[in-house]
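The values are calculated or read from the model by the stated rules, or taken from the named source; none is laboratory data. In this text the structure is predicted, and so the values were computed from the model without any measurement. Ligands, DNA and RNA are excluded from the accessible area calculation, which covers all protein heavy atoms including side chains. Shrake-Rupley method; radii C 1.70, N 1.55, O 1.52, S 1.80 Å.
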Amino acid sequence: MMTSPDLLPETLEHDELHGMRNSDAAQRALDYYLKEDMSVSIPDGTLFTLKPGISQEEALVHASDLLRSAAATAYESASSHQGNQRDLAFSVVYLFDMAKAMVERSLQASVPQSRA
């Protein structure tokens, strides 16, 4: 009995398979199913870790970006509320903006000033 070529499932091209093999998702799946020690959770219970060797400037830049994103989220939330909830959400925006200004000031202080 012969199967009609029209009924066969489509196969991926070699380039597509090669690209999938190098994808992070494929690597995580292989690690999960094939490497027992890779799928074990971190025992100390931390949610995330910092990149080893991250500089103070990189950390402050990332913190500034996180604060900007948090302020934008709080601002959007405030826009959809009224009364006390709106006031509270805008106060959170203000707190984020103040923290972001402090982080950015720290970044300016860490950059050596060029002499004119």
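Just read off the accessible area of Arg105 with the full protein assembly in place, 1.4 Å probe, to the nearest 10 Å².
Roll a 1.4 Å probe over it and Arg105 shows about 140 Å².
Could you give me the ³J(HN,Hα) list for the stretch 70-77, computed from phi with Karplus coefficients 6.51, -1.76, 1.60 and θ = phi - 60°, whole Hz, x at Gly and Pro?
Karplus values, whole Hz, x for Gly and Pro: 5, 5, 5, 5, 5, 5, 4, 5.
Taking Cα pairs under 8 Å and at least six residues apart, what relative contact order does the stretch 49-93 come out at, in percent?
Computed over the stretch 49-93, the figure is 31 percent.
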